[in-house]
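*Asks:* The following block contains the structure, expressed as structure tokens.
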């Protein structure tokens with residue numbers, strides 16, 4: 001396969017070469033299977049799919065497969081994702097690119113769709129997560145040998161496989177490799193033009209009843225209801241990044257380097273993690289726009305780029321090269337030995353999953369009700385779970401379960417690595433040995449008090465929870481009244 005005009009060859013991996021030849025007169029359509037990067041703009045995978053279609057004189061379509069169940073996702077995550085996709089569907093129609101929503105097992109639905117439309121190329125997003133990779137491997141096996149399959153890393157600024165070919169020990173070991181490649185990959189996106197040849201087949205399957213689908217998902221996943229503070233979609237994500245009213249780069253950037261670890265100053269954070277997780281905003285776009293304003297706040301921009309690029313891509317590296325990214329087996333040997341040496345140490349408190357989920361302290365309430373816990377408190381909370389459970393295996397399992405269930409950005413490489421850092425010392429070093437924690441970095445209440453005003457933080461969280469509870473109670477009453485209206489006799 002010759003290198004593409006619009007996308008750097010290093011951003012593309014050939015999973016199946018296929019039998020397409022440049023001299024072929026009739027070429028089947030190019031299908032872009034979207035899953036991790038759910039946006040129209042700044043999307044290297046979509047750019048590559050359209051470029052392939054134009055160079056082969058073929059039409060192009062976008063396909064998204066909605067899994068019946070994915071790692072316990074509830075209304076909070078699925079509602080946010082589907083509302084973003086509804087907006088994307090309308091946007092992509094403007095380019096005359098059809099969008100198809102499939103439901104069921106992607107190992108079956110994707111190959112069936114490709115066969116039915118006679119596709120010549122399949123372009124896919126990249127994800128380091130185990131379930132997605134297994135599913136993709138099955139799709140490759142179940143498709144015709146004539147079909148070419150390309151994988152594009154549109155999520156990372158520097159493609160994961162270009163940044164490193166091995167498991168990196170820490171940010172220190174990967175930072176130089178990424179920074180060396182940034183001049184090649186941190187470039188402006190080419191303009192996405194409509195495909196030259198229009199899609200004409202299978203148009204009856206293009207219709208999607210978004211409202212009914214979203215209502216069904218929200219109703220069935222009501223155990224973890226939607227959040228109100230974060231509007232889904234590509235447009236909203238760009239507004240959070242650089243909007244005139246309260247954009248991160250335009251209004252809040254200057255405090256990022258000094259206040260980002262202070263839980264009582266949440267506005268110092270970018271607020272971009274939900275949009276980055278669902279791929280509604282490109283990390284590369286965030287980096288490009290941040291560089292434009294570096295002269296106004298150099299330290300803040302440098303700190304932001306470190307978190308946005310180096311730390312996020314270190315998480316992808318870990319989840320891709322470490323198959324046990326969510327278990328004690330994935331910890332470094334020194335950490336695993338230290339944790340097991342102290343696994344039977346006496347704990348002051350032992351709590352069950354049910355007790356922790358109901359919220360014994362102010363910390364979990366922020367996760368359950370707001371769907372987004374401050375990064376510093378998320379680390380502290382995970383370390384408390386290590387202290388409050390029977391052993392490190394149980395602590396890690398519970399922390400990942402709760403993070404995936406309640407956080408709007410759960411089921412993400414950064415989430416898995418955050419739990420592994422907190423409990424298993426991944427990407428960290430050994431510290432002074434102590435009971436329960438062994439050589440894992442220790443965090444406690446006294447340390448929090450030195451870092452920020454804990455009483456103010458607890459009051460802040462309680463106020464958020466109180467407001468949320470009142471709103472939900474009012475909504476539930478409104479629903480009951482609409483179903484069984486009260487009749488007043490005068």
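The values are calculated or read from the model by the stated rules, or taken from the named source; none is laboratory data. From a predicted model like this one, the values you see are computed outputs, not experimental measurements. Counting neighbours? That spans all protein chains shown, and the Cβs are built from the backbone with ideal geometry, glycine included.
*Asks:* Somewhere in the stretch 231-244, is a residue free of Cβ contacts under 8 Å to residues at least 40 places away in the same chain and either exposed (fewer than 14 other Cβ atoms within 10 Å of the Cβ) or over 19 Å from residue 85 (Cβ atoms) (or both)?
*Replies:* Yes, the stretch 231-244 contains a residue that is free of Cβ contacts under 8 Å to residues at least 40 places away in the same chain and either exposed (fewer than 14 other Cβ atoms within 10 Å of the Cβ) or over 19 Å from residue 85 (Cβ atoms) (or both).
*Asks:* Need at least 1 residues that are farther than 27 Å from residue 424 by Cα per element, so show me which helices (runs of 4 or more DSSP H) inside the stretch 257-330 make the cut, counting only ones lying wholly within it.
*Replies:* Qualifying helices (runs of 4 or more DSSP H): 273-277, 283-292, 298-305.
*Asks:* Yes or no: residue 190 over 20 Å from residue 81 (Cβ atoms), touching a strand residue (DSSP E or B) at 6+ places or on another chain (Cβ under 7 Å), in a loop (DSSP other than H, G, I, E, B) and in contact (Cβ under 8 Å) with a residue 24 or more places away in the chain?
*Replies:* no
*Asks:* Right, something else. Might you check whether a residue that is out of contact with any helix residue (DSSP H, G or I) (no Cβ under 8 Å at 6 or more places or on another chain), at negative phi and part of a loop (DSSP other than H, G, I, E, B) occurs anywhere in the stretch 411-430?
*Replies:* Scanning the stretch 411-430 turns up at least one residue that is out of contact with any helix residue (DSSP H, G or I) (no Cβ under 8 Å at 6 or more places or on another chain), at negative phi and part of a loop (DSSP other than H, G, I, E, B).
*Asks:* Which condition breaks for residue 279 when tested against (1) crowded, with 17+ Cβ neighbours inside 10 Å; (2) in contact with a helix residue (DSSP H, G or I) (Cβ under 8 Å, 6 or more places away or on another chain)?
*Replies:* Exception for residue 279: condition (2).
Let's see how each residue does on (1) within 30 Å of residue 225 (Cβ to Cβ); (2) in contact with a strand residue (DSSP E or B) (Cβ under 8 Å, 6 or more places away or on another chain); (3) at pLDDT below 90:
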| position | (1), (2), (3) |
| --- | --- |
| 294 | no, no, no |
| 312 | yes, no, no |
| 320 | no, no, no |
| 333 | no, no, no |
| 342 | no, yes, no |
| 362 | yes, no, yes |
| 371 | yes, no, yes |
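*Asks:* Name, by its number, the condition in (1) over 21 Å from residue 276 (Cα atoms); (2) surrounded by fewer than 24 Cβ atoms within 10 Å (Cβ to Cβ) that does not hold for residue 422.
*Replies:* (2)
*Asks:* Could you please give the count of residues in the stretch 331-351 that are touching a helix residue (DSSP H, G or I) at 6+ places or on another chain (Cβ under 9 Å) and part of a loop (DSSP other than H, G, I, E, B)?
*Replies:* Just the residues of the stretch 331-351 that are touching a helix residue (DSSP H, G or I) at 6+ places or on another chain (Cβ under 9 Å), to begin with: 331-332, 335-336, 339-340, 342-343, 347-351.
Applying the additional criterion that residues be part of a loop (DSSP other than H, G, I, E, B) yields 331-332, 342-343, 347-351.
Summing the residues that are touching a helix residue (DSSP H, G or I) at 6+ places or on another chain (Cβ under 9 Å) and part of a loop (DSSP other than H, G, I, E, B) in the stretch 331-351 gives 9.
*Asks:* Still on this model: Considering every residue within the stretch 15-28, establish whether at least one is touching a helix residue (DSSP H, G or I) at 6+ places or on another chain (Cβ under 9 Å), modelled with pLDDT of 95 or more and more than 23 Å from residue 404 (Cβ to Cβ).
*Replies:* Yes.
*Asks:* Going by the structure shown, is residue 271 in contact with a strand residue (DSSP E or B) (Cβ under 9 Å, 6 or more places away or on another chain), on the phi > 0 side of the Ramachandran plot and crowded, with 18+ Cβ neighbours inside 10 Å? First the steps, then the outcome.
*Replies:* Numbers: in contact with a strand residue (DSSP E or B) (Cβ under 9 Å, 6 or more places away or on another chain): no; on the phi > 0 side of the Ramachandran plot: yes; crowded, with 18+ Cβ neighbours inside 10 Å: yes.
Here the answer is no, as residue 271 does not meet what is asked.
*Asks:* Criterion first (farther than 18 Å from residue 280 by Cα and at pLDDT 90 or above) does residue 198 satisfy it? Before the answer, list the steps.
*Replies:* Details: farther than 18 Å from residue 280 by Cα: yes; at pLDDT 90 or above: yes.
Yes.
*Asks:* Could you tell me how many of the residues in the stretch 210-230 are buried (at least 17 other Cβ atoms within 10 Å of the Cβ) and either without any contact (Cβ under 8 Å) to a residue 40 or more places away in the chain or within 13 Å of residue 77 (Cβ to Cβ) (or both)?
*Replies:* 9
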